[in-house]
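The values are calculated or read from the model by the stated rules, or taken from the named source; none is laboratory data. Just so we're clear, the structure is a prediction, and the values are computed from it rather than from any experiment. No Cβ is skipped: glycine too gets one built from the backbone with ideal geometry, and neighbour counts run over all protein chains shown. Side chains are part of the model used for accessible areas, which takes the heavy atoms of the whole protein and leaves out ligands, DNA and RNA. Shrake-Rupley method; radii C 1.70, N 1.55, O 1.52, S 1.80 Å.
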Amino acid sequence: MKLVLFNYNCPCCGENFKVAQLPPHAYGEFLLRRRGRDAIRYLDAINDRPYAEVSDEIDKILLAKKGRSFENSDVLQKVFGAIACDPDFDGEQFEIGLPPPCPVCGNQGGFSWRMTEPIETADVEVAPITHTLWNKLSHQEKIIRIGEKLAEI
């Protein structure tokens, strides 16, 4: 997969490092990361059935509570990995929007970042996110799982 390189600066240790990301124009596509290790998975949300299922249920639940809102997509992205995505080999969940870990101190937040100039790209092998556990659930179990995650935020 051809990704664009971004320059990151860690606020904790000052390390500057490059990270491969999706191009800024990648609509409906996400790289999911996990905490504590630089592992990524790819999600084509437009063509991902579990993403649509979770989105529809979140819309129903939030519509009943407060009406339609653009915040629904933010909620969806925040909880999707924990609801419908298979964890990494050690049980750690993948998350949409999680920054990469600093290669020096492991920090995963508060970075300043910008695309490389001139633009640099890298071919990176990225496995697709999987939904084996989600696909084994009944419709009712899926609704319960979504409701539990929404109650946590």
Do we find a residue being open to solvent by 30 Å² or more (accessible area, probe 1.4 Å), more than 11 Å from the chain's Cα centre (by Cα) and either at pLDDT 95 or above or hydroxyl-bearing (S, T, Y) (or both) anywhere in region 67-76?
-> yes
Answer from A64, A122 - the residue that is closer than 20 Å to L3 by Cα, over 18 Å from the mean Cα position of the chain (by Cα) and among the aliphatic types (A, V, I, L, M) = A122
Looking only at strands (runs of 3 or more DSSP E) that fall completely inside region 36-150, which ones have 1 or more residues that are under 20 Å from A20 (Cβ atoms) and out of contact with any helix residue (DSSP H, G or I) (no Cβ under 7 Å at 6 or more places or on another chain)?
-> 37-44, 112-115, 121-123
If we keep just the residues of region 5-35 that are part of a loop (DSSP other than H, G, I, E, B), touching a strand residue (DSSP E or B) at 6+ places or on another chain (Cβ under 8 Å) and not charged (D, E, K, R), which is most open to solvent (accessible area, probe 1.4 Å)?
-> P24
Test: G109 is open to solvent by less than 30 Å² (accessible area, probe 1.4 Å), at pLDDT below 95 and over 19 Å from the mean Cα position of the chain (by Cα) = no
So, first residue more than 14 Å from T130 (Cβ to Cβ) and modelled with pLDDT under 95 in region 41-55, second residue aliphatic (A, V, I, L, M) and in a strand (DSSP E or B), Cβ within less than 9 Å, six or more apart or across chains; the pairs are none
With the condition kept exactly as written, say whether any residue in region 43-50 is of a type in the set (S, T, N, Q) and open to solvent by less than 80 Å² (accessible area, probe 1.4 Å).
-> no
From P50, P23, residue being within 18 Å of the chain's Cα centre (by Cα) and either closer than 16 Å to K149 by Cα or of a type in the set (D, E, K, R) (or both) | P50
Mind checking which pairs have a first residue in region 129-142 that is open to solvent by less than 40 Å² (accessible area, probe 1.4 Å) and a second that is among the charged types (D, E, K, R) and in a loop (DSSP other than H, G, I, E, B), Cβ under 7 Å, 6 or more apart or different chains?
-> H131/D86
Listed by first then second residue, the pairs whose first member lies in region 94-119 and is without any contact (Cβ under 8 Å) to a residue 12 or more places away in the chain, whose partner is open to solvent by 30 Å² or more (accessible area, probe 1.4 Å) and outside any loop (DSSP other than H, G, I, E, B), with beta carbons under 9 Å and at least 6 positions apart or on separate chains, are E117/N7
